[in-house]
């Protein structure tokens, strides 16, 4: 956080300011109601912790929106609000590591294949009901990514699904920056259809490599300038700021998590080689439907995947997709998340995770991890959310039914300790939301 | 289209097709007894520790173990701990009409040159060797409706398939089983730009449909007039001629007779509409919003069409009206997004809401690649109040009844086709692995393009 605050890049300063504002004003949000109660004792739940097994008749004490205690018996001060889960299952809030909701179609600035300076925050449509629909499916955190028209699409935001609060209160405080890269059919189709480069995979990677070379030069100019300043050269004049290259220099410096849309195994390898060539790290491959073919290499490079449970065949590069991808990769040591990439799947990621138990035999906890802690790692917020552990945000879901089944439905969804969704309520089933807010 | 990129695909399809043919080739056991499983008959409850016996592709006995005499020559399969149920029926798919969605040359989904295309028959495009079919049947789906995509108001006629066979013709169980009439707003496609032409509104679409059925009525009349004239002409004219074996010369005989009537010119479009106009086959009437629904139903009533409803995803306000129509409803897809003003579960809960009102419901995947997930949609509906047995019926017996094939399919009863699934548990749950699938009594190899890739890349 500190490192990012002192960073020179306007983009990162903006994000950090937003995060600081979000922390400071969350409770004072202008168009949200009075501060929500965030101290609560939830008892009598089957707690699926995602990190240390199940607690059959467990309780969670939530204080100031954080998990203060979890176990078979927990201490909570008398007078705290008690919610009896009635023996139902309780999981961490679901984390969707690949979403395009709440962007009102502004997903691709498809006017140039390299647009790393496009900031998702500038397009964030926080009124979009898709945020609510995800919430009703148990999703509490989402990574809102750019589309895949461009080789380098832009910088993402991480949101919490606090539907009904103001825009900045919905941003995940302190979440690291992510940048979206893409490859394969989409960029070559988008630009190829206009008779522009890229129209082939060769063109794709040439465009990407060229941008990174420019960024290297740009970074060197700034490094030279900073060295001069440090050495007391008062006459040193700073290079001109270039938003595009600022963002890419941050990639090269390792200040941004790189999330790559990529399908074919050869392209996964090319992206890995390019990262090595330019000295940056990859956080995760998204879709990664052929990851099972090169799982060893992904594991060795500590690159995660955010993939579908069983989607396939919608385009040529999805033709080798198999529903065993997630578990085959996991067994090789790859960190695997199941993501939505769709308004629809975002409403039932629990079912999608359940499929990994049937295709390849993921254990219950492994299946839960694919939509919680592993997804949190991909986004870089696994120290704050993604499991039921003391000190983490109280983002929790109480389920009607067994969560990893076709028929499960969230009963209550907590974010930072407050109930944002309660199925038993009439209307939209949201305690703090009224239509027209 | 890049030719070289498709060479691999074509080669693979060829190899796969040959694999498929040989995989079904080994002689199948004629008599099979599935013994000891939990049998979900669908028609008459659950039998714990049951036996399902089939011979020559037909179910011959279903009952509690011990009560069923198992012939000596039977192949006995121990189904202890397994769940046994009838093959699932998907009431709307585009199986066999698409291979890779984004690759146009593999798609034969709909003919969009005109809105009125009732003479399109999906069996003319149905590709039995599609890689999607083994993928789908491995999840226990044994039968499906193949429908053209919904871009036209009258896009053509559905076929009812089984998901296995030695040849294409064995897949195509019932050709032209029904005809979709789509009135969802999606078919209104000429409203913008220079291509603006009739019909560009719902009014235009309705008028166009109305005209088509009126033309078909006229066409039917012409043919009926012709048939009458022809019958008159063919009838021996005994009143004029004393005896058929009259010795009169042929020239004399024809003197008192009219010229033979000329048949009307055949019109494939209008001809295709006739069985529906005559109520011999059902129209699948698709609408989403309540306004479109009522407009579509009015149209159907105007021409006395026999119909079943499809979708009605955003017609929550008129469910009593829907029930009053006394027709079955293919409901969904239940994953259809709610409108901004709707509650999160407005569409999820539709199957339950319709069932409560006494409507016969059917659940479909409306998919191709993901048709295998049909049972999960039914399972999801149970999370929103649909009783479990009704959810299972919605993808078995109800579907068979709606499509007029319940004498052969949809439940485990003697006399029916042996389309039987053996799985590790609840058929509607995402965690359940299907272990065996029988179609026509033949054990289906549990392989697909996807299992082959899995095995190729699995650690050994």
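Bear in mind these aren't lab numbers, they're just calculated from the coordinates by the rules spelled out. The shown structure was predicted, so the numbers you read here are calculated from the model rather than taken from an experiment. Counting neighbours? That spans all protein chains shown, and the Cβs are built from the backbone with ideal geometry, glycine included.
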- Query: Over chain B, what is the percentage of antiparallel beta bridges among all DSSP beta bridges, to the nearest 5?
  - Reply: 50
- For the range B:277-347 (alpha-carbon point model, no solvent) the Debye-based log₁₀ I(q)/I(0) at q = 0.20, 0.25 Å⁻¹ works out to -0.80, -1.14
- Item | Sequence-separation-based contact order of chain B, relative, with Cα cut under 8 Å and 6+ spacing, percent | 19
- Message: What distance in nm lies between label points placed 7 Å from Cα along the C-beta direction at residue B:105 and residue B:262?
- Response: 4.5
- Query: Where does the Debye-calculated log10 I(q)/I(0) of chain B sit at q = 0.08, 0.12 Å⁻¹, using only Cα point scatterers of equal weight, no solvent?
  - Reply: -0.55, -1.05
- Task: Calculate how steeply helix A:10-25 sits against the longest principal axis of the alpha-carbon atoms of chain A, using the helix alpha-carbon long axis, and give the answer as 0 to 90 degrees to the nearest 10.
- Result: 10
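Normalise the Cα radius of gyration of the range A:94-385 by 2.2 N^0.38 Å (N = residues in it) and let me know the number.
1.00
Convex hull volume of the Cα atoms in the protein assembly as shown, per residue, in Å³? Display every interim value, and only then the final one.
Details: hull volume 199.0 nm³, N = 897.
It comes to 222 Å³ per residue, whole-number rounded.
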- Message: Nearest 10 degrees is fine. How inclined is helix A:265-278 to the longest principal axis of chain A, computing both from alpha carbons?
- Response: 70
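For the range B:75-194, count the residues as N, evaluate 2.2 N^0.38 Å, and divide the Cα radius of gyration by that value, please.
Values: Rg = 17.0 Å, N = 120, 2.2 N^0.38 = 13.6 Å.
So the range B:75-194 has a normalised radius of gyration of 1.25.
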- Note on the structure: The helix B:3-24 Cα axis meets the longest alpha-carbon principal axis of chain B at an angle in degrees, between 0 and 90 and rounded to 10, of 80
- Using the 2.2 N^0.38 Å rule of thumb for compact globular proteins, work out how the range B:397-460 stacks up: its C-alpha Rg over that value, please. 1.43
- If you line up the Cα atoms of the range B:361-405 on their principal axes, what length do they span on each, largest first, in Å? 28, 25, 11
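Using the 10 angstrom Cβ neighbour count as an exposure proxy, how do A:133, A:98 rank, fewest first? Mind dumping the intermediate values first?
Working: A:133 23, A:98 29.
Ordered from fewest to most neighbouring Cβ atoms within 10 Å, A:133, A:98 come out as A:133, A:98.
List the relative contact order of the range A:287-437 as a percent without decimals, with contacts defined as Cα pairs under 8 Å and 6+ residues apart.
Computed over the range A:287-437, the figure is 15 percent.
List the relative contact order of the range A:140-204 as a percent without decimals, with contacts defined as Cα pairs under 8 Å and 6+ residues apart.
Numbers: 113 pairs, mean separation 19.7, N = 65.
Worked out over the range A:140-204, it gives 30 percent.
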- Query: Can you give the Rg to Rh ratio of the range A:256-327, both from alpha-carbon atoms, with Rh computed by the Kirkwood formula?
  - Reply: 0.96
- Note on the structure: Within the set A:305, A:42, A:379, GNM on chain A using Cα springs under 10 Å gives the largest fluctuation to A:42
- Message: Could you tell me the ratio Rg/Rh of the range A:221-288? Both radii from Cα atoms, Rh via Kirkwood.
- Response: 1.16
- Query: Once the mean 1/r over all distinct Cα pairs of the range B:315-460 is inverted, what Kirkwood radius in angstroms do you read off?
  - Reply: 17.0
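For n ≥ 4 DSSP H runs only, could you compute -39500 (n - 2.57) per run for chain A, divide by its residues and tell me the 222 nm figure to the nearest 500?
Details: 12 runs with 127 residues, N = 437.
Result for chain A: -8500 deg cm²/dmol, rounded to the nearest 500.
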- Which value at 222 nm does chain B reach when only helices count, each DSSP H run of 4 or more adding -39,500 (n - 2.57), with the total divided by all residues and rounded to the nearest 500 deg cm²/dmol? -9000 deg cm²/dmol
